[in-house]
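The values are calculated or read from the model by the stated rules, or taken from the named source; none is laboratory data. This structure is a prediction, so every number in the text was calculated from the model and none was measured. Quick reminder, even Gly has a Cβ in these numbers, built from the backbone with ideal geometry, and neighbours come from all protein chains shown.
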Amino acid sequence: MSLPDHDMEPAAPVDGSASCTLAGARIVADPSGAILLRDARVLVVADLHFEKGSAFAARGDAWLPPYDTSETLARLERLCRHHQPQRVVCLGDSFHDLGGPGRMAAGDLARLRRLVARHDWVWITGNHDPAPPSDLGGMAAEALDVGRLTLRHEAATGMVPSGEISGHFHPKAAVRTRGRRISGRCFVTDGHRLILPAFGAFTGGLNVLDPALAALLQPAFRVFVIGKQRLFAYPHHQLAPEPPRL
């Protein structure tokens, strides 16, 4: 069950966003699942997973409606029109697999090329797309430094970074409110790292209390959960784990 706005206390100003600070930089988290580095005019999104639906269909694993790319792309276009960023950074897994660009509808491919051409575009490489297509424009990199911030696909292990922004885990959070357990995509930060939710239309999520994700964070982390129109803040001790599988 997704998070209804009336069950939560807003974490955000009137526009539904929320702010946090990493390495001295003010970061604005948007209800779309993107962040804005306002001083640098940089828009950051994670895990678009273009052509996930067609990848599943091609393998015969499942049939998903073939509209995920168009829907994700439309949301990204609206976001760019609204914020007018100078640079757009995609934090890896922009395509669900290396064959994704070849399966894109011609119209979607043309829209994506136009969008990339309007901005200083950076494709961070991910585990699903270690070699983003070179014919879409923009530049590819394993990581990108913006001031004191480091942007990469997956959070680094074996270190406590200061100012790391990543994706990969598709974080979601659950809370119990009014006798119900409800959950939603979320941003998660411990003041050193910020991990973004997946932006793609057909992407699932990993509970932030899962050991694979919680082990990367300082104990007193907090989340910004995406509601219908705004974000809601919760400290880690108010979060609920996934129910046991029967």
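Odds and ends about this structure:
- Of all residues in region 94-107 being surrounded by fewer than 18 Cβ atoms within 10 Å (Cβ to Cβ) and either without any contact (Cβ under 8 Å) to a residue 40 or more places away in the chain or within 15 Å of Glu77 (Cβ to Cβ) (or both), the one that is nearest to the chain's Cα centre (by Cα): Leu98
- Close pairs (6 angstrom Cβ cut-off, 6 or more residues apart or separate chains): within 21 Å of Ser19 (Cα to Cα) and in contact (Cβ under 8 Å) with a residue 24 or more places away in the chain in region 206-225, surrounded by fewer than 12 Cβ atoms within 10 Å (Cβ to Cβ) and of a type outside the set (Asp, Glu) anywhere: Arg222/Pro235
- Region 125-183, subset under 13 Å from Arg193 (Cα atoms) and exposed (fewer than 13 other Cβ atoms within 10 Å of the Cβ), residue modelled with the lowest pLDDT: Val160
- Selection of region 114-138 for residues being among the hydroxyl-bearing types (Ser, Thr, Tyr) and under 17 Å from Val44 (Cα atoms) yields only Thr125.
- His119 vs. criteria out of contact with any Ser or Thr (no Cβ under 7 Å at 6 or more places or on another chain), under 26 Å from Asp210 (Cα atoms) and not aliphatic (A, V, I, L, M): no
- In region 192-246, the residues that are touching a helix residue (DSSP H, G or I) at 6+ places or on another chain (Cβ under 7 Å), under 22 Å from Leu48 (Cβ atoms) and not polar (S, T, N, Q): Phe199, Gly200, Ala201, Phe202, Leu206, Val208, Gly227, Lys228
- For region 19-43, a tally of residues being of a type outside the set (A, V, I, L, M) and either assigned to a strand (DSSP E or B) or on the phi > 0 side of the Ramachandran plot (or both) returns 7.
- Taking the criterion of being assigned to a strand (DSSP E or B) and farther than 19 Å from Phe187 by Cα, the residues of region 125-169 that qualify are Met139, Ala140, Ala141, Ala143, Leu144, Asp145, Val146.
- Flag if Ala156 is at negative phi, without any contact (Cβ under 8 Å) to a residue 12 or more places away in the chain and more than 11 Å from the chain's Cα centre (by Cα): yes
- Residue within region 94-117 that is among the β-branched types (Val, Ile, Thr) and either outside any helix (DSSP H, G or I) or more than 20 Å from Ala141 (Cβ to Cβ) (or both) present: no
- Residue within region 174-188 that is in contact with a Gly (Cβ under 9 Å, 6 or more places away or on another chain), under 20 Å from Thr72 (Cβ atoms) and part of a loop (DSSP other than H, G, I, E, B) present: no
- Within region 184-203, the residues that satisfy the criterion of being touching a His at 6+ places or on another chain (Cβ under 6 Å) and modelled with pLDDT under 95 are Gly200, Thr203.
- Against the test of being surrounded by fewer than 17 Cβ atoms within 10 Å (Cβ to Cβ) and touching a residue at least 12 places away in the same chain (Cβ under 8 Å), the options Arg81, Arg118, Arg114 yield a single qualifying residue, Arg118.
- Residues that are under 17 Å from the mean Cα position of the chain (by Cα) and either crowded, with 16+ Cβ neighbours inside 10 Å or not in a loop (DSSP other than H, G, I, E, B) (or both) within region 218-232 comprise Arg222, Val223, Phe224, Val225, Ile226, Gly227, Arg230, Leu231, Phe232, listed in sequence order.
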